[in-house]
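A quick write-up on the structure given underneath.
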Amino acid sequence: MPTGEFTGFPRETLDFLEQLKANNDREWFSGHKNAYASAVKKPATALAEIVAGELERLTGQPHRPKLFRINRDLRFSKDKTPYHTHIHISWLPVEEGDGFPVWMFGLSPEYCTVGCGVFEFPRNVLDIYRKKIAAELGDDLGRMLDRLRHDGFRIGEPALKRVPAGFPDDHPYVELALHKGIVAWRDLEGPEAATQPDLVSRCVTEFAKLVPLWRFLRELR
């Protein structure tokens, strides 16, 4: 499937993920590898590649896509089911690595979502983040997140219950200090949204609204 011909995931993608959820074992997956390749990996790769180009247009930075493996890492998990029952894709500028904000797409039998942010700042970046939001940039970020919420985005839940020592309790956006990372999500209208021919334009439209947040988080260095 050339990326220029991508017009949404086929219905078979959701069918496969639903069936995998009901039959999450190696024997079943082994018998359905061809279906995985055609219904999941092929269209997901096409989406990843075409959105990478669109993100370069939006940001001026070339991006590399990452399609996450369907195999689960079972080493430290009590849940021993071997496969993820979702598709997760991320995009990051070519020259950047851990701690920089990423663009994200997720699809499962329960949801279709796009987002942008950093799940957890590296320790040195977290220190910079707290210093900056304690000063004038806290108001800027707080107002930015308020606008995103008003526009229908959801912001990832804070990691902390108590404000860190030394952060001003009277700050107008004191709740920002409870976060160890910032991620904003737009939930599309259920998994069926991924099968629509306008999926790429929908993703790019939502990503465009998140560019200011992406730029803010990139500058926490």
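Considering segment 101-129, and only residues there that are of a type in the set (Val, Ile, Thr) and under 8 Å from the mean Cα position of the chain (by Cα), the residue that is farthest from Phe216 (Cα to Cα) turns out to be Thr113. Contact map, segment 42-59: residues that are in a helix (DSSP H, G or I) paired with residues that are hydroxyl-bearing (Ser, Thr, Tyr) and open to solvent by 10 Å² or more (accessible area, probe 1.4 Å), Cβ distance under 6 Å, separation 6+ or inter-chain. Pairs shown: Ala46/Thr3; Glu49/Thr3; Ile50/Thr3. A search for C-beta distances below 9 Å between a residue of segment 91-112 that is polar (S, T, N, Q) and any residue that is buried (at least 19 other Cβ atoms within 10 Å of the Cβ) and not in a loop (DSSP other than H, G, I, E, B), counting only pairs 6+ apart in sequence or on different chains, returns Ser108/Leu14; Ser108/Leu17; Ser108/Ile87; Ser108/Pro191. Note on segment 164-221: residues that are open to solvent by less than 20 Å² (accessible area, probe 1.4 Å), under 18 Å from Pro122 (Cα atoms) and assigned to a helix (DSSP H, G or I) total 5. Here Ser77 fulfils each of the conditions (1) touching a helix residue (DSSP H, G or I) at 6+ places or on another chain (Cβ under 9 Å); (2) of a type in the set (Ser, Thr, Tyr); (3) farther than 28 Å from Thr205 by Cβ apart from (1). The lone criterion from (1) open to solvent by 40 Å² or more (accessible area, probe 1.4 Å); (2) of a type outside the set (Val, Ile, Thr); (3) in a loop (DSSP other than H, G, I, E, B) left unmet by Asp139 is number (3). Quick one: would you say Glu110 is within 18 Å of Leu176 (Cβ to Cβ) and not in a strand (DSSP E or B)? Here the answer is no, as Glu110 does not meet what is asked.
The values are calculated or read from the model by the stated rules, or taken from the named source; none is laboratory data. Bear in mind the structure is a predicted one, so any value in this text is a computation, not a measurement. Cβ: placed from backbone, ideal geometry, glycine included. Neighbour counts: every protein chain shown. For the accessible areas, the whole protein counts, side chains as well, though only heavy atoms, and no ligand, DNA or RNA atoms are used. Shrake-Rupley method; radii C 1.70, N 1.55, O 1.52, S 1.80 Å.
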